[in-house]
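Structure first, commentary second.
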């Protein structure tokens, strides 16, 4: 009976550990995506491709695609194609607040 309890407790501990690790990994990837997205948004003048985001965030393409599509909807980005037939999203320009808005 004690052996069964030990196996059950060990199994539950392993599952809990795996879930904890998985949640931490998801949070880390989300943070990486957010940082890379805003850095690219500034450095690329509002034009971001999927491959740029995935490479900058160091995450898989599917995760980067889901994130980029969510941001495109949220910020009303347009999809465009460059001269090399590469697809990218054009986000609205970032504008610095004018001095009149700061007073």
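Angle of helix 2-43 to the longest C-alpha principal axis of the chain, folded into 0 to 90 degrees and rounded to 10: 10°. With the simple model of a label 7 Å out from the Cα in the direction of the Cβ, residue 55 to residue 16 spans 4.4 nm. Translational diffusion of region 16-103 was estimated from the Stokes-Einstein equation, with Rh taken as the Kirkwood radius over Cα pairs; at 10 °C and 1.306 mPa s the coefficient is 111 µm²/s. From least to most packed, judged by other beta carbons within 10 angstrom and beginning with the fewest, 75, 91 follow the order 75, 91.
Computed from the Cβ-Cβ distance with R0 of 25 Å, the FRET efficiency linking residue 94 to residue 24 stands at 0.20. For 37, 20, the sequence from fewest to most other C-beta atoms within 10 Å is 20, 37.
By the count of neighbouring beta-carbon atoms within 10 Å, fewest first, 70, 76 end up ordered 76, 70.
Read the figures in this text as sums done on the coordinates, not as results from a lab. Quick caveat: nothing in here was measured; it's all calculated off a predicted structure. So basically every Cβ, Gly included, is an ideal-geometry build from the backbone, and we count neighbours across all protein chains shown.
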